[in-house]
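Structure, as structure tokens:
The values are calculated or read from the model by the stated rules, or taken from the named source; none is laboratory data. Computed from a prediction, not measured in an experiment: that's the story for all the values here. So basically every Cβ, Gly included, is an ideal-geometry build from the backbone, and we count neighbours across all protein chains shown. For accessibility, only protein heavy atoms count, side chains too; no ligands or nucleic acids. Shrake-Rupley method; radii C 1.70, N 1.55, O 1.52, S 1.80 Å.
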Protein chains: 4
Amino acid sequence: MAVRAAVAGASGYAGGELLRLLLTHPEVEIGALTGNTNAGQRLGALQPHLLPLADRVLEPTAPEVLAGHDVVFLALPHGQSAAVAEQLGDEVLVIDMGADFRLKDAADWEAFYGSPHAGTWPYGLPELPGGRAALEGSKRVAVPGCYPTAVSLALFPAYAAGLAEAEAVVVAASGTSGAGKSPKPHLLGSEVMGSMSPYGVGGGHRHTPEMIQNLSAAAGERVTVSFTPTLAPMPRGILATCSAKAKPGVTAESVRAAYEKAYADEPFVRLLPEGQWPATASVYGSNAVQVQAAHDTAAGRIVVISAIDNLTKGTAGGAVQSMNIALGLDETTGLSTIGVAP
Amino acid sequence: MAVRAAVAGASGYAGGELLRLLLTHPEVEIGALTGNTNAGQRLGALQPHLLPLADRVLEPTAPEVLAGHDVVFLALPHGQSAAVAEQLGDEVLVIDMGADFRLKDAADWEAFYGSPHAGTWPYGLPELPGGRAALEGSKRVAVPGCYPTAVSLALFPAYAAGLAEAEAVVVAASGTSGAGKSPKPHLLGSEVMGSMSPYGVGGGHRHTPEMIQNLSAAAGERVTVSFTPTLAPMPRGILATCSAKAKPGVTAESVRAAYEKAYADEPFVRLLPEGQWPATASVYGSNAVQVQAAHDTAAGRIVVISAIDNLTKGTAGGAVQSMNIALGLDETTGLSTIGVAP
Amino acid sequence: MAVRAAVAGASGYAGGELLRLLLTHPEVEIGALTGNTNAGQRLGALQPHLLPLADRVLEPTAPEVLAGHDVVFLALPHGQSAAVAEQLGDEVLVIDMGADFRLKDAADWEAFYGSPHAGTWPYGLPELPGGRAALEGSKRVAVPGCYPTAVSLALFPAYAAGLAEAEAVVVAASGTSGAGKSPKPHLLGSEVMGSMSPYGVGGGHRHTPEMIQNLSAAAGERVTVSFTPTLAPMPRGILATCSAKAKPGVTAESVRAAYEKAYADEPFVRLLPEGQWPATASVYGSNAVQVQAAHDTAAGRIVVISAIDNLTKGTAGGAVQSMNIALGLDETTGLSTIGVAP
Amino acid sequence: MAVRAAVAGASGYAGGELLRLLLTHPEVEIGALTGNTNAGQRLGALQPHLLPLADRVLEPTAPEVLAGHDVVFLALPHGQSAAVAEQLGDEVLVIDMGADFRLKDAADWEAFYGSPHAGTWPYGLPELPGGRAALEGSKRVAVPGCYPTAVSLALFPAYAAGLAEAEAVVVAASGTSGAGKSPKPHLLGSEVMGSMSPYGVGGGHRHTPEMIQNLSAAAGERVTVSFTPTLAPMPRGILATCSAKAKPGVTAESVRAAYEKAYADEPFVRLLPEGQWPATASVYGSNAVQVQAAHDTAAGRIVVISAIDNLTKGTAGGAVQSMNIALGLDETTGLSTIGVAP
């Protein structure tokens, strides 16, 4: 019997990517699709790449529209998920692709988002230690941010294995879809093509406390993260370059061993053969994470680089993966490690 | 029982795209993968986006390697397919993704390719009049060129309906993957990013006689084609802008009706709603063709625009579609009309 | 003594490009810079590439601000130039980079722009027959549209030499800056990168009557133009692919001769050596026009391709060139045929 | 009296950019242009954006060709400069745009380049402490690497002011022109568009010892650098994200003050207003360096970001700037801080 899924916020990039994946998910039947300003429009005008859904019409994001589904995905602006989730009842699986329920620390939430903390839901990154157990049977899932997905998967094995000092430095490049579909001057094609630019420098990006939360849990101590996101001239993809000082006694072999152990059985994370490095093009449209680690002996640092598709593993694919676990389906159902390249 | 498929030329862009599709084709088991200069290398080093095949090793393109398969796809340089096909025997389905067997007219072949004509195989564009019948049960398929796919599907309905004069003008923009993976200075990223440039101007492009062959067949008279291909700063996609003088009495309605009739039941060709125009991003990675037509009354011309992914519908997806028909499978098996966007 | 120049509309792409050129123009002193919604802002925040002007502050577009200059450039939305120009007085050189004064035929204006015709000013394309004479000493200049610049320079020599039939077919690809700096969803980097898409198909683009005006004047008869603009994934540049049926007796030699004659003494238009074709990258940031022509004997058409930078020769560079002529300066002052590549 | 300049290696990207700048340098007359494999070809076929030089023909890189010039620029593959320089004599100004003479430490050279050390020439980064004095009147200049230019200018003020611990972490994104014009598969447009990828990770990039050399000199102690270069989908530009732990007592104000002091009088380096961050698009084609610094108090790090055009300030513009100083010309002659954007 099919899982009936609704998508609240189907006109944006996260919603569109989710629909792309759900269309080929063998256990899912796509139910209501909602939008706010776009309610009443054909999906074909908003998501012209989703031809099988072209004639579907967006409905308003209202309780009576979202009722009667087994799963409701929320791809809403920050701060709107709590109210919608409350109306859906406890027996419905609600998967929030926004930030509202990711952070455990209310003070962190308030400092970075400037609004009261709505709560904490099971965190949808099954590759983290204990990650799967937290999701099995859960009726609520907070999908991680795209940068925290890339960064946590790059660095947690080093911290879990006790190889790295508790001060991480991360510089990540993201495709423009991470900034959403609302038109703003600095996101115009004319501005982004041919340009690299940073933003949220110096600790201000909202994904920083989420990274700290994940890495600190792995390390068993407070890890600081110096995080610099940059906007790259490509529609999709995150390349995260992460490093930390190596603890005494660390060798290239111990680094490699930690990552081999962490990812030996992970269906979506691939530690590349030595000498091969990730590229975002290789994971375009796929749920795969490519990872490679090096030990820079001259600088005394472990350097780990990961590549994900910010919309797939970083958002909608991660959401589907968590849904699969929460519903007791095979975790990989409807997901792929095959990229679209070149 | 699975169809066992070999791919000769698995290290290039056409071969890689074919493997991407075959990996999710429910009836196909991927057999031998061959290369020439790359024989002996891991596929993971050559096609890093195909993670499930990363540990496969390329073999040489030799008869004993290709033997024992139900289907053999040839993604070889022009002129090499005939010799390989001969060795495979008549009971094997051979699908040539090169140009060798596309043209019916030996003089055309020799004029444009400068070598003896190898013959003519059933042409793998099922949407053309009589196209499917020619492929059913066939053991040989010539996959169309990428430009002729886009242009023939844009214009044949107008010619089949007798709406257009026999002189077509086509300007098409292609992504760089159409030029292949052999490194040449003008294909460097530094050269193509930020630049549009034409090539083969004035009638010299080898796909020209193939377009003429298809459109003339639809029109029942010799159609000339002024074809200008241009290289666009994107990896994939063809946008073909095609026009011809409208015959007397043609109206916007008669144009629309001709296209509605031609494509009402086609699974991969979508005539867009009036007012919406194709974009290559919408068909990225999909086998879909988006088409729209207009009647420019001031200029007296029918203008038709089509968008395809040159590697999917334009090459590897078209090959799989023809394979499905030739083997008696559902034509859409393993193929999709869902693009990867943005 | 320096020419004192004001720029009304200094925050957009046309205004920014104009300032880039004026900054190195040896005869010009940059005076008032105005904006509407951006008045009061530092130019450094709006045009961060113009470091020497970073601390200049935009003023409102008001008569008292624009008074006291020798030249006033108008980079305003369509329909706003007439009112501003009237207030400036007849002795000031006013150069309108908008569309308001380009068309001679009021009916054309009203059909394509939907508002009353404001009038016709001398047309700033000196390379056209009689073009320079119309500008010398003039106090009003209408800068041509970017597409009409590229298309008129591609085709007028063929028409002036009587080589081409009076039905032109034009497909042009433009960089996104041609669509301006106002944020709209379809102009987001996420949408345009990796995509080619058409717009204004079927005769609806506002630049169509301007092309017809120019080519008809050269031909001495009414020329129709089937014009299809497409949006290309690059910030700048227009590649115009133009063709028309060759008149009887035309040869490759007669075509070449016509272009050699037309452009032998033009400082900014370069007919490329035979076999070399234009690319937009080659004219990036320059006032140059690269042109090449071919005779497609099989299709019976003359095919001419031109490349310009839509912001330089297509807008701001063309404006400076006309200013130089109007003021009696050397036409090439402050302008260059050197592109920024790769 | 004009300075007569020859360019050895005029067909590559560095040589092309140098010619673009020399063409508008008021004191320079362009003399011999040489190439190796390209000798005998028209420059118009190799550098189609340099229209004024289109008819110049490349000569072989031979002593008799390079003789008789006041300045000879060497844009040669690594290891070839010493032999050419020796033949030119001591009275000619020789400016090496390659790496051969940048490093002071012969062991560093041999470790990273694998060949005998050719020597050390005055280093062409005048903004460094003592940088100008070393160049005045010199007859030899080693132009810095593109990454070391961006990184040294980002970090030396923090080290010179004693604000930063001696362990720097640098992640830099470069446009593809930094990788040169030799065609290699991973530099194809199809590969780089839409992709970010790292290379030389873990301390292996040859520019690392050059950064260490510069920063250690500024700090007065050995500084280690963890350097990760990444290839970005754009033709030009470097965005360098650099950080180091703040020493005790450092504040946002002391960081800002150090950079204001370092760059108050520098003609090409611009410390942006607080809150504004560099973007590579803003320095496209210009010799400007945009810099911004932040103090991340939570992570305890100083984060500094710089943007340059790798071909201009990072190579050819830096070479011209050093030439100006060496010859006693105004340092800014023929150079600009105006970018080409969007």
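Residues whose amide H comes within less than 5 Å of that of C:Met234, counting only those at least five positions distant or on another chain, are C:Thr176 (H built at 1.01 Å from N in the peptide plane).
With contributions of -39500 (n - 2.57) from each DSSP H run of at least four residues, the per-residue ellipticity at 222 nm computed over the protein assembly as shown stands at -7500 deg cm²/dmol. Per the Cα gyration tensor, the stretch A:269-342 maps to an equivalent ellipsoid with semi-axes of 27, 14, 10 Å, ordered largest to smallest.
When only DSSP loop residues count, what GluC sites (Glu not before Pro) in the stretch C:258-342 have their Cβ near at most 16 other Cβ atoms within 10 Å? Write down the numbers at each step before the final one.
Numbers: sites: C:Glu260, C:Glu274, C:Glu331; in loops: C:Glu274, C:Glu331.
Taking the stretch C:258-342 and a limit of 16 other Cβ atoms within 10 Å, the loop GluC sites (Glu not before Pro) found are C:Glu274.
In the stretch A:266-304, comparing the full protein assembly with the chain on its own, the residues that lose 40 Å² or more of accessible surface at a 1.4 Å probe are A:Arg270, A:Gln276, A:Trp277, A:Ser282, A:Tyr284, A:Asp296, A:Ala299, A:Arg301. Spin-label model, C:Arg4 to D:Thr251: label points 7 Å out along the Cα-to-beta-carbon direction sit 4.5 nm apart. For the stretch A:238-258, a drop of 10 Å² or more in accessible area on going from the chain alone to the assembled protein chains (1.4 Å probe) is found at A:Leu239, A:Thr241, A:Ser243, A:Lys245.
Working note: Karplus 6.51/-1.76/1.60 with θ = phi - 60° gives the stretch C:198-210 the couplings x, 7, x, 6, x, x, x, 6, 5, 7, 4, x, 5 Hz, where Gly and Pro are set to x. Exceedance of the 29 Å cut-off in Cα-Cα distance is limited, within the set B:Lys181/B:Lys313; A:Lys313/C:Lys181; B:Lys139/B:Lys184; D:Lys181/D:Lys313; C:Lys184/D:Lys313, to A:Lys313/C:Lys181; B:Lys139/B:Lys184; C:Lys184/D:Lys313. Close amide H pairs (under 5 Å, H built 1.01 Å from N) link D:Val3 with D:Val28, D:Glu29, residues at least 5 positions away or on another chain.
The string of couplings for the stretch A:281-288 from the Karplus curve (6.51, -1.76, 1.60, θ = phi - 60°) is 4, 6, 10, 4, x, 10, 8, 6 Hz, one whole number per residue in order, with x for Gly and Pro.
Let me check something: with ligands and nucleic acids excluded, how do A:Val57, D:Val255 order by accessible area (1.4 Å probe), largest to smallest? Mind dumping the intermediate values first?
On the way: A:Val57 75, D:Val255 5 Å².
Most to least solvent-accessible, the answer reads A:Val57, D:Val255.
By DSSP, the beta bridges lying fully in chain B are antiparallel in about 45 percent of cases. Taking the three principal axes of the alpha carbon atoms in the stretch A:128-285, the coordinate ranges are 48, 40, 30 Å, sorted in descending order. Measuring between their Cα centroids, the stretch D:137-205 and the stretch B:17-79 lie 37 Å from each other. With bins 10 Å wide beginning at 0, the percent of Cα pairs of the stretch D:10-96 falling in each bin runs 17, 53, 28, 2.
What is the Cα radius of gyration of chain B over 2.2 N^0.38 Å, N being its residue count?
Details: Rg = 19.4 Å, N = 342, 2.2 N^0.38 = 20.2 Å.
Here the Cα radius of gyration is 0.96 times the empirical estimate.
Kirkwood radius and radius of gyration were both taken over the C-alpha atoms of the stretch C:143-194, and their ratio Rg/Rh is 1.15. State, in square angstrom and to the nearest 100, the accessible area buried between chains C and A, both chains counted, probe radius 1.4 Å. Answer for the C-A pair: about 1400 Å² buried.
Normalised Debye scattering of the stretch B:216-342 at q = 0.11, 0.15 Å⁻¹ gives log10 I(q)/I(0) of -0.44, -0.81, counting only Cα atoms as equal scatterers and leaving out solvent. Straight-line cross-link reach from B:Lys247 at under 27 Å between alpha-carbon atoms covers these lysines, not counting any fewer than eight positions away in the same chain: B:Lys261, C:Lys245, C:Lys247.
Along its principal axes, the stretch C:70-199 has C-alpha extents of 48, 42, 28 angstrom, given from the largest down. The alpha carbons of the stretch A:171-259 stretch over 49, 25, 18 Å along the principal axes, in descending order. Distances between equivalent label points of A:Thr333 across the copies, with each point positioned 7 Å along Cα→Cβ, amount to 2.4, 7.5, 7.6 nm, shortest listed first. Database remark: amide H of B:Leu76 closer than 5 angstrom to the amide H of B:Met97, B:Gly98 (H placed geometrically; neighbours at sequence offset of 5 or more, or on other chains; Pro and chain starts carry no H). Projecting label points 7 angstrom from Cα along Cα→Cβ for C:Glu110 and C:Thr24 puts them 4.6 nm apart.
D for the stretch D:91-138, whole µm²/s, Stokes-Einstein with Kirkwood Rh over alpha-carbon pairs at 10 °C and 1.306 mPa s: what number?
Once the numbers are plugged in, D ends up at 135 µm²/s.
How big is D for the protein assembly as shown, in µm² s⁻¹ as a whole number, if Stokes-Einstein is applied with the Kirkwood radius of its Cα pairs at 37 °C and 0.692 mPa s?
Values: Rh = 32.4 Å.
The Stokes-Einstein estimate is 101 µm²/s.
Please give me the summed charge of the neighbours of D:Gln80: other residues whose Cβ is under 13 Å from its Cβ, Lys and Arg +1, Asp and Glu -1. Walk me through the numbers on the way to the answer.
Numbers: positive: none; negative: D:Glu86, D:Asp96, D:Asp100.
Net local charge, D:Gln80 excluded: -3.
Ligands, DNA and RNA left out, the 1.4 Å accessible surface of the stretch D:1-54 is 51% carbon and sulfur atoms.
Compute the FRET efficiency between A:Ala133 and B:Ala133 as 1/(1 + (r/R0)^6), taking r as their Cβ-Cβ distance and R0 = 51 Å, and round to the nearest 0.05.
On the way: r = 57 Å, r/R0 = 1.12.
The formula returns an efficiency of 0.35 here.
Taking Cα centre as origin and charging only the Cβ of basic (Lys, Arg, +1) and acidic (Asp, Glu, -1) residues, the dipole magnitude of the protein assembly as shown rounds to 0 debye. Please give me the summed charge of the neighbours of A:Ile325: other residues whose Cβ is under 14 Å from its Cβ, Lys and Arg +1, Asp and Glu -1. Net of charged neighbours comes to -3.
Across all C-alpha atoms in the stretch B:43-139, the radius of gyration and Dmax reach 15.7, 45 Å. Accessible surface calculations at 1.4 Å, restricted to protein heavy atoms, place the stretch B:1-66 at 37 Å² per residue.
What is the calculated FRET efficiency for D:His78 to B:His78, with r their C-beta to C-beta distance and R₀ = 56 Å, to the nearest 0.05? The partial results should precede the final answer.
Numbers: r = 38 Å, r/R0 = 0.68.
For R0 = 56 Å, the calculated efficiency reads 0.90.
Rolling a 1.4 angstrom probe over the protein heavy atoms with all chains in place gives the stretch B:90-174 an accessible area of 31 Å² per residue.
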